[in-house]
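What follows is one structure encoded as structure tokens, with my remarks underneath.
The values are calculated or read from the model by the stated rules, or taken from the named source; none is laboratory data. Just so we're clear, the structure is a prediction, and the values are computed from it rather than from any experiment. Please note: Cβ atoms are built from the backbone with ideal geometry, for glycine as well, and neighbour counts cover all protein chains shown. With ligands, DNA and RNA removed, areas are computed over all heavy atoms of the protein, side chains included. Shrake-Rupley method; radii C 1.70, N 1.55, O 1.52, S 1.80 Å.
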Amino acid sequence: MGPETLIGEIRARLGPAVEGVADSFGDPVLVLRAADVRPALAALREPPFDYAVLLDLTCVDYAAGEGRFELVYHLYSLSRNVRLRLKASVPAADPAVGSLVGLWKNAEWLEREVFDMFGVRFEGHPYLRRLLTYEGFEGHPLRKSYPWRLEQPRIPMKGEG
Amino acid sequence: MSGFDFVATRLDTAIGWGRKFSLFHYPFVTACCGMEYMSTACAHFDIDRFGAGLTRFSPRQADLLLVVGTITHKLAPVLRTVYDQMLEPKWVIAFGACTVSGGIYRNYAVVQGIDKIIPVDVYIPGCPPRPETVLDGLLKLQDRIQRQKQDWRWARKP
């Protein structure tokens, strides 16, 4: 099955969950509706698509006036040896998306990382708390609104305030 | 010079000689500089030649703290605790650019130089420093230990 056929089949299976297909240096990228992320990826995980591996889950902040985050999912099919990238936009004001923890175990840490760094809530995550920074850290450091030189020391530093 | 001053000076020299050749170091290794530390400790460069090769992973049995690599704000309290647990007299070497000044990292996470947390005796610059640079830093520290006024635990404090 060629890549175009495969994308066509996925669109036929997922229906309105797919808002469009983008192109990234020759690789197809599926743009999903944020509300449909979890059911769509659950369908892709099953045969015939068989995307059994969640390679990566991350987020991009488009701060330049657009006020939105874009979640990026990378899937890999062991049986077909093909990869697939999916994206979903959420508003920066109250970013939330369905959790994938029930589908892939590694989504636990990936989603905690995105929550920590960007402040995106994952509905249904069993223990959504900070992963890389510490309890008590204020703000989300990879948001473009975070002051890039702001440090939050846990113990007093010499020669500062 | 009175007789006591002469004796004190000789005793300082003897204690300094003993201390500089019996450094037990605690390696606080967090990042890429750790590889350089390992080469320094291995056969080719052989840090043990200088009487500083005995690695102790207990801060209570070490008197030289080697801070090797990036220290983040999340990790800073741990480093502070290790330093506090070491017994006097103790010395600190800041190993590599990250430890000295935060290195290339000017962001929310990284401590901009460990001298904001603990006092440092010798700074070794470089990203990472060559083992020769490390050994040079070690020799400078030994020189310092030899010259410093020794802390006699039994002496009457002023």
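Rounded to the nearest angstrom and ordered from largest down, what semi-axes does the equivalent ellipsoid of segment A:3-161 get from its C-alpha gyration tensor (root of 5λ)? Present the calculation step by step, with values, prior to reporting the outcome.
Values: eigenvalues 221, 56, 35 Å².
Each semi-axis is the square root of five times an eigenvalue, giving 33, 17, 13 Å.
Excluding ligands, DNA and RNA, what is the solvent-accessible area per residue of segment B:1-129 at a probe of 1.4 Å, expressed in Å²? Provide the component values of the computation, followed by the final result.
Working: 6040 Å² over 129 residues.
Result: 47 Å² of accessible area for each residue.
So how far, in whole Å, is the C-alpha centre of segment A:36-73 from the one of segment B:83-98?
46 Å
In the structure displayed, which of A:158/B:140; B:20/B:90; B:74/B:140; A:158/B:20; A:105/A:144 lie more than 19 Å apart, Cα to Cα?
On the way: A:158/B:140 25 Å; B:20/B:90 11 Å; B:74/B:140 31 Å; A:158/B:20 29 Å; A:105/A:144 29 Å.
From A:158/B:140; B:20/B:90; B:74/B:140; A:158/B:20; A:105/A:144, over 19 Å: A:158/B:140; B:74/B:140; A:158/B:20; A:105/A:144.
Mind grabbing the accessible area of residue B:15 for me, 1.4 Å probe, Å², rounded to tens?
Counting only protein heavy atoms, residue B:15 exposes about 40 Å² to solvent.
What's the long-distance tail for the protein assembly as shown, i.e. % of Cα pairs beyond 38 Å?
Working: 20553 of 50721 pairs.
Across the protein assembly as shown, Cα pairs with separations above 38 Å total 41 percent.
Going by accessible area, probe 1.4 Å, with all protein chains left in place, what is the ranking of A:125, A:74, largest first?
Working: A:125 20, A:74 60 Å².
Listed by decreasing accessible area, they come as A:74, A:125.
Report the accessible area of residue A:78, computed with a 1.4 Å probe over the heavy atoms of all protein chains in place, in Å² rounded to the nearest 10.
Roll a 1.4 Å probe over it and residue A:78 shows about 120 Å².
Using modelled amide H (1.01 Å from N, peptide plane; none on Pro or chain starts), what sits under 5 Å from the amide H of residue A:53, excluding residues fewer than 5 places away?
It is A:76, A:78, by chain and number.
At a 1.4 Å probe radius, carbon and sulfur cover how many percent of the accessible area of the protein assembly as shown? Please list the in-between numbers first.
On the way: 9590 of 16830 Å².
So the carbon and sulfur contribution to the accessible surface is 57 percent.
Give the Rg (one decimal place) followed by the Dmax (whole number) of chain B, computed from C-alpha coordinates and expressed in Å.
Rg then Dmax for chain B, in Å: 16.6, 57.
So if I restrict to the alpha-carbon atoms in segment A:33-117, what is the Rg, and what is Dmax, the biggest pairwise distance, in Å?
13.1, 42
For segment B:63-111, which residues drop by 30 square angstrom or more in accessible area between the chain on its own and all protein chains together (1.4 Å probe)?
The answer is B:73, B:74, B:77, B:106, B:108 - residues whose exposure falls by at least 30 Å² when every protein chain is included.
Mind running the shape call on segment B:82-158? Use the C-alpha gyration tensor, a ≥ b ≥ c as the square roots of the eigenvalues: rounded below 1.5 for a/c, prolate if a/b tops b/c, oblate otherwise. Show your work: numbers first, answer last.
Working: a/c = 3.36, a/b = 1.59, b/c = 2.11.
Judged from the Cα gyration tensor, segment B:82-158 comes out oblate (a/c at least 1.5, b/c at or above a/b).
For the pair A and B, how large is the buried accessible area, both sides, in square angstrom to the nearest 100, if the probe is 1.4 Å?
When A and B are taken together, about 1500 Å² of accessible area is lost.
Just to confirm my numbers, what's the Cα centroid distance between segment B:1-67 and segment A:88-161 in Å?
Rounded to whole Å, the Cα centres lie 42 Å apart.
To one decimal place, what Kirkwood hydrodynamic radius in Å is obtained for segment B:38-92 from all pairs of distinct Cα atoms? Write out the running numbers ahead of the final one.
Numbers: mean 1/r = 0.0800 Å⁻¹.
Taking every pair of different Cα atoms in segment B:38-92, averaging 1/r and inverting gives 12.5 Å.
Output needed: percent of Cα pairs per 10 Å distance bin for segment A:1-64, bins running from 0 to the one holding the longest distance.
18, 54, 25, 3
Could you sort B:106, A:130 by their accessible area in this structure, using a 1.4 Å probe and putting the largest first? Each step should come with its number before you reach the end.
Values: B:106 95, A:130 35 Å².
So the residues, ranked largest to smallest area, are B:106, A:130.
Express in Å², to the nearest 10, the accessible area of residue B:105 obtained by rolling a 1.4 Å probe over the protein heavy atoms while all chains stay in place.
Roughly 90 Å² of residue B:105 is accessible to a 1.4 Å probe.
In debye to the nearest 20, how big a dipole does chain B give about its Cα centre with +1 on each Lys and Arg Cβ and -1 on each Asp and Glu Cβ? Kindly include the intermediate steps, with their values, before the conclusion.
On the way: 19 positive and 14 negative charges, 84 e Å.
Result for chain B is approximately 400 debye, rounded to the nearest 20.
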